[in-house]
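The values are calculated or read from the model by the stated rules, or taken from the named source; none is laboratory data. Note that the structure is predicted; figures quoted are calculated from it, not measured. So basically every Cβ, Gly included, is an ideal-geometry build from the backbone, and we count neighbours across all protein chains shown. In case anyone asks, the SASA skips ligands and DNA or RNA and just uses the protein heavy atoms, side chains included. Shrake-Rupley method; radii C 1.70, N 1.55, O 1.52, S 1.80 Å.
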Amino acid sequence: MSWDHLQLNPQIISAVQRAQLKSVREVLCVSGPDLQKMTGLSRSDVRELLHAAATASRTHQPVTALQLQRGECHRLESGLRLGTGCPVLDQLLRGGLPVGGVTELSGESGAGKTQLGLQLCLSVQYPVEHRGLSSGALYICTEDPFPIKRLQQLISEQSVLRSDVPRSLISGLQFSDHIYIEHTADLDSLQVCLLRRAPILLARGLVRLIVIDSVAALFSQEFTTPILCINQVTDVFNQSANSLSSSSSSVCPALGLAWANQVMVRLMMRRLQGKVFLGDQSSALRRLEVVFAPHLARNSRDIGVWREGLRAVLDPD
């Protein structure tokens, strides 16, 4: 971009040209005091120069936090979301898991984290019009064996859970053929899986979802696909000093701030007192809570774990 195209005082433009700064990028890479030395401009002139350079480099207008909360900036939200298979939970997550971001799901043992991970492995295989991504899933187990029997039960009950999808479409999906299972017992094997095997599956279009159950090491590799990292929790002894956990929990996600900075969406699943019933089934009451996300309000929904999968409980009583 030519300096003459910027709305700057001719004196400032002449000083920039004498300093042999050829682009706005070069200007933005230099500190204010160094620009003063290089150009001989006053502090106010340097501020004007930096403001003009930053404005010229900006491709979009700034977005306020209020606009993000209201969902008024669609360009910052991917058009694709991976649905959970439950309309109420999809509403909580504004459509589901964001594509291209890391979603952390933490909670105590037995809270239902793995249940949701399995359910997403089936949801991802549905077409986009049914809140899927028309692809498979990579499920990485780091501790327990893969729960194959529970997966088979979820597959057999898909027509119950996904009553919004035509039965002919469900019967035509070979769910188990498109879930790739890896067992990683240590950090080295986890890195090999994430850095070598996962990119091959993604490049071939075989998977659009990666589930790590549970994450025991930091994960920051960038993939253009939803990443669900299931995490453990630790006890919180001073609730007022903790800012990473849910507002109503005495536990917080493990791995601390270093891991938290890698996460785009943090969800917490808790097991509550009491039971809920659905026909001849009963389930311990659970709650899925949004702890933080740049595009989501802090909110929660009560859920139950049934034969067909996770569903929201609208009235626990």
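Listing for the model above:
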| read-out | value |
| --- | --- |
| Enumerated helices (runs of 4 or more DSSP H) restricted to region 106-186, each holding at least 1 residues that are among the polar types (S, T, N, Q), surrounded by 12 or more Cβ atoms within 10 Å (Cβ to Cβ) and at negative phi | 113-123, 148-156, 158-161 |
| Subset of region 275-312 (residues that are touching a helix residue (DSSP H, G or I) at 6+ places or on another chain (Cβ under 9 Å) and part of a loop (DSSP other than H, G, I, E, B)) | Pro294, His295, Leu296, Ala297, Asn299, Arg307, Glu308 |
| Residue match in region 191-201 (condition: at pLDDT 65 or above and closer than 20 Å to Arg298 by Cβ) | no |
| Counted residues, region 18-56 - those being in a helix (DSSP H, G or I), of a type in the set (Ser, Thr, Tyr) and over 44 Å from the mean Cα position of the chain (by Cα) | 1 |
| Yes/no for Ala15 being assigned to a helix (DSSP H, G or I) and touching a Ser or Thr at 6+ places or on another chain (Cβ under 9 Å) | yes |
| Selection within region 275-317 - small (Gly, Ala, Ser) and within 22 Å of Glu157 (Cβ to Cβ) | Gly279, Ser282, Ser283, Ala284, Gly304, Gly309, Ala312 |
| Residues (open to solvent by 20 Å² or more (accessible area, probe 1.4 Å), closer than 25 Å to Thr64 by Cβ and either free of Cβ contacts under 8 Å to residues at least 60 places away in the same chain or touching a Lys or Arg at 6+ places or on another chain (Cβ under 6 Å) (or both)) located in region 264-292 | Phe292 |
